[in-house]
Amino acid sequence: MSRGEGEDILVLEAREMLATGRDEGEVFAELAARTSDWGASALALCLALGVPRTDAEARIRGARSG
């Protein structure tokens, strides 16, 4: 997954939502509904939670193949 400005914005939005007390499921659902891209939404949420990029990308690949 390539890094871009759109991804940075999603990560920032995810951090802001988490900071207001929203749980991970709510944050993911809102991002995915708005972007129609569950992979980018999942990556943004993982990065906002502090998961290293390589780990997050591996988890997402695993979810897509499994």
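The values are calculated or read from the model by the stated rules, or taken from the named source; none is laboratory data. What you are looking at is a predicted structure, and each value in this text was computed from that prediction instead of being measured. FYI the Cβ positions are ideal-geometry reconstructions off the backbone, even for glycines, and counts take in every protein chain you see. Areas reflect the complete protein model, heavy atoms only, side chains present, ligands, DNA and RNA absent. Shrake-Rupley method; radii C 1.70, N 1.55, O 1.52, S 1.80 Å.
Considering (1) more than 19 Å from Arg61 (Cα to Cα); (2) of a type outside the set (A, V, I, L, M); (3) at pLDDT below 95, the lone condition that Ser2 does not fulfil carries the number (1). One residue stands out among those in the range 1-53 that are open to solvent by less than 50 Å² (accessible area, probe 1.4 Å) and not in a helix (DSSP H, G or I): the one that is farthest from Arg64 (Cα to Cα), which is Gly4.
Matching residues to (1) within 18 Å of Gly6 (Cα to Cα); (2) touching a residue at least 40 places away in the same chain (Cβ under 8 Å); (3) over 9 Å from the mean Cα position of the chain (by Cα):
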residue: Asp23; (1), (2), (3): no, no, yes
residue: Arg34; (1), (2), (3): yes, no, yes
residue: Trp38; (1), (2), (3): yes, no, no
residue: Ala44; (1), (2), (3): yes, no, no
residue: Ala48; (1), (2), (3): yes, no, no
residue: Asp55; (1), (2), (3): no, no, yes
residue: Gly62; (1), (2), (3): no, no, yes
